[in-house]
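Just below is one structure, and these are the notes that go with it.
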Amino acid sequence: MKLKVECEECGKDAEFIDLVDGASILGIHPETLRRLYRYGNIDALKIERGLYFKRDSLNSYLETTTHGGE
């Protein structure tokens with residue numbers, strides 16, 4: 001599920017991806033992604049009980065874990 005949010009200050013739209021879709025993009029279990037957020041390894045927007053991730057954050061995390069050892 002995707003969520004579009006408009007910034008009140010700059011007026012730009014940001015697209016957020018829910019926990020299950022974000023985990024699918026990273027190829028990990030949703031609970032693993034939840035732990036990464038809880039330990040501060042990835043940023044997310046928390047709305048009530050749901051977590052939403054920017055695609056840029058997911059891609060950045062994926063790149064650092066994929067190429068971090070080089």
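With the full set of protein chains in place, find how many percent of the accessible area of the stretch 28-70 is carbon and sulfur; take the probe as 1.4 Å.
Exposed carbon and sulfur together represent 45 percent of the surface.
On a full-extension model of 0.36 nm per residue, what is the gain between Thr64 and Ile25, subtracting their alpha-carbon distance, rounded to one decimal in nm?
12.6 nm
Roughly how many Å² is the accessible area per residue of the stretch 11-70, as a whole number, for a 1.4 Å probe?
Accessible surface, normalised per residue, equals 70 Å².
Could you sort the peptides 28-40, 49-61 by per-residue average Cβ neighbour count (10 Å cutoff), highest mean leading?
Highest-to-lowest ranking by the protection proxy: 49-61, 28-40.
The values are calculated or read from the model by the stated rules, or taken from the named source; none is laboratory data. Quick caveat: nothing in here was measured; it's all calculated off a predicted structure. Positions of Cβ are backbone-derived with ideal geometry, glycine not excepted, and every protein chain shown enters the neighbour counts. For the accessible areas, the whole protein counts, side chains as well, though only heavy atoms, and no ligand, DNA or RNA atoms are used. Shrake-Rupley method; radii C 1.70, N 1.55, O 1.52, S 1.80 Å.
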